[in-house]
Amino acid sequence: MAFTVAIDGPAASGKGTVAREIAARYGFAHLDTGLLYRAVGRLVLAGAEPVDAARSLARADLDRDDLRDAEAAQAASRIAVIPEVRSALLDFQRAFARRDGGAVLDGRDIGTVICPDAEVKLFITASDEVRATRRFEELRTGGAETALTAVLADLRQRDARDRARDTAPLKPARDALLIDTTSMTIEQAVSVAAAAIERIRNA
Ligand code: DC
């Protein structure tokens, strides 16, 4: 049986962690849709044409180990404004969402465009400073050398671009549950998300 959990929100809001934990708890498949855009961004940095790159995206492109850094993130946000890039990635995401056994997808437009009929829609936010600090710690743990101010500037620039674009901008679906994780632990955020899922599953 299909059951879709759509999780959207700005960069480093905690949506990826919540998505992974929810997928593990309920045995749902998980798709980090940002990875699709990062992989296209990387191909474009290497000289590909954005729409061609999106149309010919292959499994191996998603397994590269240079998709997590700020350069890939910025490239992703830039190519994500192109409507043909977004439509090239749409069928794959929709098919993933309706697979048997349930799926969690996290991104920017899952509840609004990819899965407007998702059983559960969450929009996860946190203050700019808290998001930047979380991403900074994550990057440092991964061995990257960067400054907190640079991380904050990167997040703000991407969010502004992601919110302002004409096609599938970052925004909550009208029926999304808003979760502000500024003063929450990850466990608390996961509990709020799990409670929303239980309400629907038990209805
Ligand atoms: O979630 P992320 O930080 O890995 O996403 C990187 C960029 O990809 C983000 O700044 C905008 C774009 N993106 C998008 O436009 N739509 C999505 N569903 C996911 C990501």
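Would you check if there is a residue in the stretch 150-159 being out of contact with any strand residue (DSSP E or B) (no Cβ under 7 Å at 6 or more places or on another chain), under 13 Å from T125 (Cβ atoms) and not charged (D, E, K, R)? Yes, because at least one residue in the stretch 150-159 is out of contact with any strand residue (DSSP E or B) (no Cβ under 7 Å at 6 or more places or on another chain), under 13 Å from T125 (Cβ atoms) and not charged (D, E, K, R).
Being among the β-branched types (V, I, T) and open to solvent by 40 Å² or more (accessible area, probe 1.4 Å) is the filter; apply it to the stretch 70-87 and report the residue that is nearest to the ligand (Cβ to nearest atom).
The residue in question is V81.
If you go through the stretch 106-121, how many residues are in contact with a Ser or Thr (Cβ under 9 Å, 6 or more places away or on another chain) and either among the aromatic types (F, W, Y) or under 17 Å from A80 (Cα atoms) (or both)? Result for the stretch 106-121: 7.
Residues checked against (1) exposed (fewer than 15 other Cβ atoms within 10 Å of the Cβ); (2) more than 18 Å from A126 (Cα to Cα); (3) not aromatic (F, W, Y):
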| site | (1), (2), (3) |
| --- | --- |
| D162 | no, no, yes |
| L178 | yes, no, yes |
| T181 | no, no, yes |
| T185 | yes, no, yes |
| S191 | yes, no, yes |
| A194 | no, yes, yes |
| N202 | yes, yes, yes |
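Considering only the stretch 17-29, I want to know if a residue exists there that is among the β-branched types (V, I, T), more than 10 Å from the ligand (Cβ to nearest atom) and open to solvent by less than 40 Å² (accessible area, probe 1.4 Å). Yes, the stretch 17-29 contains at least one residue that is among the β-branched types (V, I, T), more than 10 Å from the ligand (Cβ to nearest atom) and open to solvent by less than 40 Å² (accessible area, probe 1.4 Å). Note on the stretch 32-43: residues that are open to solvent by 20 Å² or more (accessible area, probe 1.4 Å) and either more than 7 Å from the ligand (Cβ to nearest atom) or on the phi > 0 side of the Ramachandran plot (or both) total 2.
The values are calculated or read from the model by the stated rules, or taken from the named source; none is laboratory data. Just so you know, these numbers come straight off a predicted model, no measurement behind them. Positions of Cβ are generated from backbone atoms using ideal geometry, with glycine treated the same way; all protein chains shown enter the neighbour counts. Heavy atoms of the whole protein, side chains included, go into the accessibility calculation; ligands, DNA and RNA do not. Shrake-Rupley method; radii C 1.70, N 1.55, O 1.52, S 1.80 Å.
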